[in-house]
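Step one of this worksheet: look at the structure below.
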Amino acid sequence: MRGKAGSGKTILFVCIACFLAGILFSGQMWTRPSNNHENTLLPPRPDCDHKRKLIEGRPGDVMEEVVKTHQAIKSLDKAVSTLEMELTAGRTSQTGGRQQSSNHSAQKAFVVIGINTAFSSKRRRDSIRQTWLPKGNQLKELEKEKGIIVRFVIGHSTTPGGILDKAIDAEEAEHKDFLRLDHVEGYHELSTKTRLYFSTIISTWDADFYVKVDDDIHLNLGMLVSTLAKYRSRPRVYIGCMKSGPVLYQNVSGRGAKYHEAEHWKFGEEGNKYFRHATGQVYAISKDLATYISINWPILHRYANEDVSLGSWLLGLEVEHVDERSMCCGTPPDCDWKARTGNVCVASFDWSCSGICKSVERMRDIHKTCGEGDGAVWNVDL
């Protein structure tokens, strides 16, 4: 304040210089936005934009995406299940256990159908060959074009190489439609035969499904394959007519004797029923379940009835039980009426006989009345 006073021009020059410096500094601050501001100016990411379009679009588009996602999850679940079974199979093989399910070199197929038969059932087999089962070259073409394998399943007699076994050898040479098991035939050994059947076929054919059929029922192959195809993407599937019959406590004589359950005490008090399981005339299981049976066969318990045994093997697993009622239609007029209304049956038989009563005499008429047509199986789209 006591110094020499500056001139007016000097003061004006200093003011202008300060003003310009302030403008320059402020301009630099505005041209350097913060990181938060920069993020708000970025264009939306493609996935966010896709979700926004789905939300703003039609409801049908959203549902289509949901369905696709659901199908992908089911396919992934089945793949994981198959890999788990193959991993278990590999471990079993490395530890020296019996292992028949490592079937990487096995023939690929969609379904393997085993027709359970006996030495005394030649006429039944012939009645099937003359109706719903293709013969000769047609059977080979069915395997090649559709991946549908059908075989009569039988073991050997108590005297291997005897007259009964030679009769089957001659029949096999003529028709080429047998699967021979290392098993002694007998009704009370059906549970053992079933266990061995699944262990054998999974080492021979790498299929999506494995089916067991009795030799006294009528089967429509095309309908069976179409039904199985609906469950192709699902893991651990058990398909058949689910039932829960009474446990027979008393060892009665006559026809009911073969159904007597020696271990009835395991099922609780007298009058109880079995757990839900597929009836033994025809049922199907997916590949991963057949693999499970093949791996664990030594510790799978066998009950008096083969269908109960199979149900018990799967009871404690994460298995989808499919109650498919078209697999247990009655014989005419039941299957005829259903065919006329467009609901062709997968299988037909008489409950009173646990198969078709007098099947040899009636199979041709039932096929004519309730059959799907000879060309139906060839037109199925897999």
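The values are calculated or read from the model by the stated rules, or taken from the named source; none is laboratory data. Predicted model only: the values in this text are computed from it and were never measured. Note that each Cβ is placed from the backbone with ideal geometry, even for glycine, and that neighbours are counted across all protein chains shown. Areas reflect the complete protein model, heavy atoms only, side chains present, ligands, DNA and RNA absent. Shrake-Rupley method; radii C 1.70, N 1.55, O 1.52, S 1.80 Å.
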Report, by residue number, each residue of segment 100-109 that is open to solvent by 20 Å² or more (accessible area, probe 1.4 Å) and modelled with pLDDT of 90 or more. Gln107, Lys108
Tell me, please, whether a residue that is more than 19 Å from Lys108 (Cα to Cα), in contact with a Gly (Cβ under 8 Å, 6 or more places away or on another chain) and of a type in the set (S, T, N, Q) can be found in segment 142-161. no
Can you pull out every residue in segment 171-188 that is touching a residue at least 12 places away in the same chain (Cβ under 8 Å) and in contact with a strand residue (DSSP E or B) (Cβ under 8 Å, 6 or more places away or on another chain)? Glu171, Asp177, Phe178, Leu179, Arg180, Leu181, Asp182, His183, Val184, Glu185
From Tyr238, Tyr231, which residue is assigned to a strand (DSSP E or B), in contact with an Asp or Glu (Cβ under 9 Å, 6 or more places away or on another chain) and of a type in the set (Ser, Thr, Tyr)? Tyr238
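Residue-wise test of (1) at pLDDT below 95; (2) more than 17 Å from Thr204 (Cα to Cα); (3) open to solvent by 10 Å² or more (accessible area, probe 1.4 Å).
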site: Val150; (1), (2), (3): no, no, no
site: Asp169; (1), (2), (3): no, yes, yes
site: His175; (1), (2), (3): no, yes, yes
site: Arg180; (1), (2), (3): no, no, yes
On the basis of being open to solvent by less than 40 Å² (accessible area, probe 1.4 Å), at pLDDT below 95 and of a type in the set (A, V, I, L, M, F, W, C), does Ala89 make the cut? yes
With segment 255-356 as the region, which helices (runs of 4 or more DSSP H) entirely inside it contain at least 3 residues that are over 27 Å from Gly186 (Cα atoms), open to solvent by 60 Å² or more (accessible area, probe 1.4 Å) and touching a residue at least 24 places away in the same chain (Cβ under 8 Å)? none
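So which residues in segment 194-222 are assigned to a helix (DSSP H, G or I) and either in contact with an Asp or Glu (Cβ under 6 Å, 6 or more places away or on another chain) or farther than 16 Å from Ala284 by Cα (or both)? Don't jump to the end; show me each part of the working.
Residues of segment 194-222 assigned to a helix (DSSP H, G or I): 194-204, 221-222.
Answer for segment 194-222, where residues must be assigned to a helix (DSSP H, G or I) and either in contact with an Asp or Glu (Cβ under 6 Å, 6 or more places away or on another chain) or farther than 16 Å from Ala284 by Cα (or both): Thr194, Ser203, Thr204, Gly222.
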Val112: in contact with a Gly (Cβ under 8 Å, 6 or more places away or on another chain), modelled with pLDDT of 95 or more and surrounded by 13 or more Cβ atoms within 10 Å (Cβ to Cβ), yes or no? no
Hey, can you tell me all the residues within segment 357-372 that are assigned to a loop (DSSP other than H, G, I, E, B) and open to solvent by 40 Å² or more (accessible area, probe 1.4 Å)? Lys358, Glu372
Search result, residues across segment 190-243 that are within 11 Å of Ala290 (Cβ to Cβ), open to solvent by 20 Å² or more (accessible area, probe 1.4 Å) and under 9 Å from the mean Cα position of the chain (by Cα): Asp208, Arg236
